[in-house]
Amino acid sequence: MFKIVKNQEKIYRVVCGGMDSLYITFGENPQEAAAGALKDYIQLNKENAELSPILCVYSWHENIKEDDEDILAFYTPSVLEDIGFFALAKKLSEISDFLLDTDRNRY
């Protein structure tokens, strides 16, 4: 006798910087999907990886409609720290802080 067990992982689309907008991954939750996709992307692209300060995770459902997506945003340096890229997390955080500092960027 066979028992069919439904997979507990969900499908997510992850977008960050130069990451392909159709980067699809599986995970038990959005945090796991974000970490796994970002780690794969960095390992695949190495020094050519393009990152942005924010990483977006779109949760896809079984009965998804065109405009029916749950979107979560993560601070990319925090995700980088979670997956062990501490130096890269620090560099991206410093760049983000510089770009978001209104005193330094006044015209």
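The values are calculated or read from the model by the stated rules, or taken from the named source; none is laboratory data. Remember, it's a predicted structure, so these values are computed and weren't measured experimentally. When we count neighbours, we look across all protein chains shown, and the Cβ atoms used for this are built from the backbone with ideal geometry, even at glycine. Side chains are part of the model used for accessible areas, which takes the heavy atoms of the whole protein and leaves out ligands, DNA and RNA. Shrake-Rupley method; radii C 1.70, N 1.55, O 1.52, S 1.80 Å.
Filter the stretch 80-98 for residues that are closer than 16 Å to residue 39 by Cα and aromatic (Phe, Trp, Tyr); which is least open to solvent (accessible area, probe 1.4 Å)? Going through the qualifying residues, I end up with 85.
Within the stretch 18-47, the set of residues being touching a Gly at 6+ places or on another chain (Cβ under 7 Å) and either in a helix (DSSP H, G or I) or among the aliphatic types (A, V, I, L, M) (or both) comprises 33, 36. Restricted to the stretch 1-51, and to residues that are modelled with pLDDT under 90 and aliphatic (A, V, I, L, M), which residue is least open to solvent (accessible area, probe 1.4 Å)? Going through the qualifying residues, I end up with 19. Residue pairs whose Cβ atoms lie under 6 Å apart, separated by 6 or more positions or on different chains, with the first residue in the stretch 77-94 and in contact (Cβ under 8 Å) with a residue 40 or more places away in the chain and the second of a type in the set (Lys, Arg) and surrounded by fewer than 17 Cβ atoms within 10 Å (Cβ to Cβ), are 83/39. Look at (1) modelled with pLDDT of 95 or more; (2) over 16 Å from residue 16 (Cα atoms); (3) open to solvent by 80 Å² or more (accessible area, probe 1.4 Å) and you find that residue 63 fails only one, number (1).
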